[in-house]
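Student: One structure, as structure tokens, below. Some questions next.
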Ligand SMILES: *[C@@H]1O[C@H](CO)[C@@H](O)[C@H](O)[C@H]1NC(C)=O
């Protein structure tokens, strides 16, 4: 009797019908589908701060190979290209990296990575990203906030008045030795925000892409020359 129960337990996984296996795979795919959608990243301060209104609800933008919070200063100048990206398996790695468009007019993607030395969050082609920290990038289950190496260690550091650069606090020590002690730093959360669904089906498909029919874009991720 005991023996037959044990056998039944052992056999159970194999008993799952092909239909059920397919259904589960499809459900998983549907659950994971959001990962390949292009999203913006929006910052929010974790703790109360007099400065948080400068940061809360602001998008992340790309500028000079680094990520910044778009504090819209000065207001009439676009501070940088808005981060617009999604998860993509990192080449020759078992985890997912994060890619972003870098310009509006050229379909080119760069990798997001954390600079090993400075802990700044940067974007660049693979040769820049490779020797640094390229993943795993992931998201929290419920709210789909961005995580790196399984946790949320993103901080904003005030590089110059009102200019906040994004860092990942790798050592979880408040960027000790990475920024000068008087630099203002604030812990932030980064929420993924889907680009707005457009009426035009083609435009929507382009923005909400889940199929990787952008092969020409991926090539540039590996390209050595980004200009
Ligand atoms: C990390 O990337 C930067 C470019 O952002 C590069 O200068 C540096 O050499 C890389 N780090 C390492 C450890 O190679």
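Student: Any chance you could tell me what percent of the C-alpha pair distances in segment 109-155 go past 18 Å? Write out the running numbers ahead of the final one.
Tutor: Details: 314 of 1081 pairs.
Here the tail beyond 18 Å accounts for 29 percent of pairs.
Student: Spin-label point model (7 Å from Cα, Cβ direction): what's the residue 22 to residue 176 distance in nm?
Tutor: 5.7
Student: Sticking with this structure for a sec: Under 14 Å from a label point 7 Å along Cα→Cβ of residue 81: give me every residue in segment 119-135 with its amide N that close.
Tutor: Taking a point 7 Å out along Cα→Cβ of residue 81, the residues of segment 119-135 whose backbone N falls under 14 Å are 123-126.
Student: Let me ask something else. Please state, rounded to one decimal and in Å, the Kirkwood hydrodynamic radius that segment 33-222 gives when every pair of distinct Cα atoms enters the mean of 1/r.
Tutor: After inverting the pairwise mean of 1/r, the radius is 16.9 Å.
Student: For all pairs of alpha-carbon atoms in segment 18-84, what percent lies in each bin of width 5 Å, listed from the first bin to the last filled one?
Tutor: Result, from short to long distances: 4, 15, 15, 16, 12, 10, 8, 7, 6, 5, 2, 1 percent.
Student: Multiplying the sequence separation of residue 184 and residue 197 by 0.36 nm and subtracting their Cα-Cα distance, what value in nm do you get?
Tutor: 1.0 nm
Student: Work out how much length residue 95 to residue 162 would gain on full extension: take 0.36 nm times their residue separation and subtract the Cα-Cα distance, in nm to one decimal.
Tutor: 20.6 nm
Student: Per residue and in Å³, how big is the convex hull formed by the alpha-carbon atoms of segment 89-196?
Tutor: Enclosed volume per residue, from the Cα hull, is 136 Å³.
Any read-out appearing in this document is the output of simple, stated calculations on the displayed coordinates, not a laboratory observation. In this text, all values refer to a predicted model and were calculated from it rather than measured experimentally. When we count neighbours, we look across all protein chains shown, and the Cβ atoms used for this are built from the backbone with ideal geometry, even at glycine.
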